[in-house]
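J.: First the structure, then my questions, so here it is.
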Amino acid sequence: MSDEVDKLAAGDKEEEEEELDCSVPEVVNKYQFAGKVANAAIQKVAAECAVGKDVAELCELGDSIINQELANVYKGKKIEKGIAFPTCVSLNNCCGHFSPLKEDSVQLKDGDVAKIDLGVQVDGYVALVATTVVIGEVSGPAADAIMAAKSAAEVIIRCLKPGKKNSEITPLLERCVDAFGCKAVDGVVSHQIKRFTTEGTKVITNKNVPGHQVEEAAIEPHEAYAVDIVVSTGEGKCRELDTKCTVFKRAPDQKYNLKMKTAREALFKIEKTHPKMPFSLREIDDTRVRLGITECVRHELLQPHPVLYEKETEKVAQIKFTVLLMPSGPLKITGVDIPDTVKSDKQIEDEEIIELLKQAVKKKKGKKDKKEGEEAK
């Protein structure tokens with residue numbers, strides 16, 4: 001992998017102030033490399049998921065793989081690289097963001113539904129990925145939720161075409177998920193992503209929620225999207241419980257003159273190491289500095305990513321991948337295939353969705369497309 005990066009680094013130049021998109025080969029290359037690292041990390045974490053495994057250790061494993069893969073690349077260059085979203089392993093009815101400290105961790109049990117979520121950035125170009133694995137046999141409601149998420153992901157990637165409006169995609173996702181007796185989780189959206197941000201201005205909601213309308217927007221060529229599908233066997237309404245929040249992000253436009261020394265130390269460290277991307281408290285070794293986080297959050301200098309839960313009896317599944325909109329069609333740079341052994345006794349009967357799922361994701365490669373693909377490698 002390092003040889004490949006050395007080749008990419010040779011082509012790096014000082015970028016101009018304007019936003020560069022996926023029409024620029026260097027941008028595509030960085031996205032793709034970040035995607036390779038993200039895929040490698042999530043696959044290794046998924047492979048380690050078994051009865052008795054400690055969730056905090058699994059999260060540490062994902063983060064350490066990312067850091068190891070990036071440690072020896074782009075040396076001597078002023079290029080930021082690292083974790084774009086800390087590894088989370090959220091179980092069963094937990095909808096996301098569970099990335100516990102060792103003292104708050106739990107062990108995996110037979111039948112647990114584990115959602116693994118992480119992200120990588122290279123020079124600010126972000127690759128996000130999430131998948132769902134079941135510890136032991138997959139059946140019943142867990143299989144329904146996973147297949148609903150998988151099918152919705154297959155629908156949305158076929159809809160990511162120039163000119164398609166986000167308002168046209170959401171109803172298809174709702175009907176797809178409904179076919180499996182499930183509901184998309186409220187508030188989860190697929191985001192356009194740009195450099196140094198995981199949340200662009202354009203969003204695609206997984207379902208329409210009254211009072212939470214999003215601005216209508218059309219898909220355009222050379223954009224990048226993080227497709228995020230989170231599905232519940234319940235009503236899809238998640239709430240905070242008493243689980244400690246450990247994932248935060250610096251609020252870029254907020255300023256406040258902190259009074260506590262520990263808070264000032266915490267903010268200084270965060271601005272130095274994680275100025276733009278989310279981070280985990282695991283990365284802050286100093287207990288005193290951790291204590292300063294509370295004041296930073298109180299004054300809105302940090303945005304928390306709270307741990308959210310569905311009803312205790314429900315199961316939640318997640319699939320997330322990053323896709324670049326290239327001339328030949330969507331280029332998926334992250335994602336983990338759901339095994340064929342995961343089967344639901346429910347199926348899609350909606351003719352419009354059935355026909356959509358029959359369509360190819362990408363156009364057949366002609367000579368011109370093939371040449372474009374080779375240039376982006």
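J.: Scanning region 43-57 for residues that are open to solvent by less than 80 Å² (accessible area, probe 1.4 Å) and outside any helix (DSSP H, G or I), which turns out nearest to Phe98 (Cα to Cα)?
T.: Checked region 43-57; the qualifying residue nearest to Phe98 (Cα to Cα) is Asp54.
Condition check ((1) closer than 26 Å to Cys94 by Cβ; (2) among the β-branched types (Val, Ile, Thr); (3) modelled with pLDDT under 95) across all residues:
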{"site": "Glu240", "(1), (2), (3)": "yes, no, no"}
{"site": "Cys245", "(1), (2), (3)": "yes, no, no"}
{"site": "Phe248", "(1), (2), (3)": "yes, no, no"}
{"site": "Pro252", "(1), (2), (3)": "no, no, yes"}
{"site": "Tyr256", "(1), (2), (3)": "no, no, yes"}
{"site": "Leu267", "(1), (2), (3)": "no, no, yes"}
{"site": "Glu271", "(1), (2), (3)": "no, no, yes"}
{"site": "Thr294", "(1), (2), (3)": "yes, yes, yes"}
{"site": "Leu302", "(1), (2), (3)": "yes, no, no"}
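J.: Also: Are any residues in region 114-150 within 17 Å of the chain's Cα centre (by Cα), of a type in the set (Ser, Thr, Tyr) and more than 14 Å from Val231 (Cα to Cα), and if so, which ones?
T.: Passing the criteria: only Tyr125.
J.: While we're on this one: Kindly provide the set of residues from region 114-132 that are touching a helix residue (DSSP H, G or I) at 6+ places or on another chain (Cβ under 6 Å) and either surrounded by fewer than 20 Cβ atoms within 10 Å (Cβ to Cβ) or in a loop (DSSP other than H, G, I, E, B) (or both), ordered by number.
T.: Asp123
J.: Report, by residue number, each residue of region 182-212 that is open to solvent by 50 Å² or more (accessible area, probe 1.4 Å) and either in a strand (DSSP E or B) or touching a helix residue (DSSP H, G or I) at 6+ places or on another chain (Cβ under 9 Å) (or both).
T.: Hits for region 182-212 are Lys183, Lys194, Arg195, Asn208.
J.: To continue, here is another question. In region 133-145, is there at least one residue being among the polar types (S, T, N, Q), modelled with pLDDT of 95 or more and open to solvent by 10 Å² or more (accessible area, probe 1.4 Å)?
T.: No, the conditions are met nowhere in region 133-145.
J.: Pairs under 7 Å by beta carbon, first residue of a type in the set (Phe, Trp, Tyr) in region 190-216, partner open to solvent by less than 20 Å² (accessible area, probe 1.4 Å), six or more apart or different chains?
T.: The qualifying pairs are Phe196/Gly124.
J.: Out of all the residues in region 159-169, is one or more surrounded by 17 or more Cβ atoms within 10 Å (Cβ to Cβ), at pLDDT 95 or above, of a type outside the set (Gly, Ala, Ser) and within 20 Å of Glu48 (Cα to Cα)?
T.: No, the conditions are met nowhere in region 159-169.
J.: Continuing with the same structure: For region 82-113, which residues satisfy the criterion of being over 15 Å from the mean Cα position of the chain (by Cα) and buried (at least 24 other Cβ atoms within 10 Å of the Cβ)?
T.: Val113
J.: Among Asp340, Asp345, which is modelled with pLDDT under 95 and either not aromatic (Phe, Trp, Tyr) or not in a loop (DSSP other than H, G, I, E, B) (or both)?
T.: When all the criteria are applied, what remains is Asp340.
J.: Tell me, yes or no, whether region 257-270 has at least one residue that is small (Gly, Ala, Ser) and either touching a strand residue (DSSP E or B) at 6+ places or on another chain (Cβ under 7 Å) or surrounded by fewer than 19 Cβ atoms within 10 Å (Cβ to Cβ) (or both).
T.: Scanning region 257-270, I find no residue that is small (Gly, Ala, Ser) and either touching a strand residue (DSSP E or B) at 6+ places or on another chain (Cβ under 7 Å) or surrounded by fewer than 19 Cβ atoms within 10 Å (Cβ to Cβ) (or both), so the answer is no.
J.: May I pose another question? Would you point out which residue out of Thr322, Thr313 is closer than 30 Å to Glu174 by Cβ, assigned to a loop (DSSP other than H, G, I, E, B) and β-branched (Val, Ile, Thr)?
T.: Result: Thr313 is the single residue among Thr322, Thr313 that is closer than 30 Å to Glu174 by Cβ, assigned to a loop (DSSP other than H, G, I, E, B) and β-branched (Val, Ile, Thr).
J.: Which residue, of Glu223, Glu312, is within 30 Å of Ala179 (Cβ to Cβ) and loosely packed, with under 13 Cβ neighbours inside 10 Å?
T.: Glu312
J.: Go through (1) under 21 Å from Gly187 (Cα atoms); (2) in a loop (DSSP other than H, G, I, E, B); (3) open to solvent by 50 Å² or more (accessible area, probe 1.4 Å) one by one and return the number of the condition Gln303 breaks.
T.: All conditions are met except number (2).
The values are calculated or read from the model by the stated rules, or taken from the named source; none is laboratory data. None of the values given here were measured: they were computed from a predicted structure. Virtual Cβ from ideal backbone geometry, glycine too; neighbours counted across all protein chains shown. Keep in mind that these areas ignore ligands, DNA and RNA; they rest on the heavy atoms of the full protein, side chains included. Shrake-Rupley method; radii C 1.70, N 1.55, O 1.52, S 1.80 Å.
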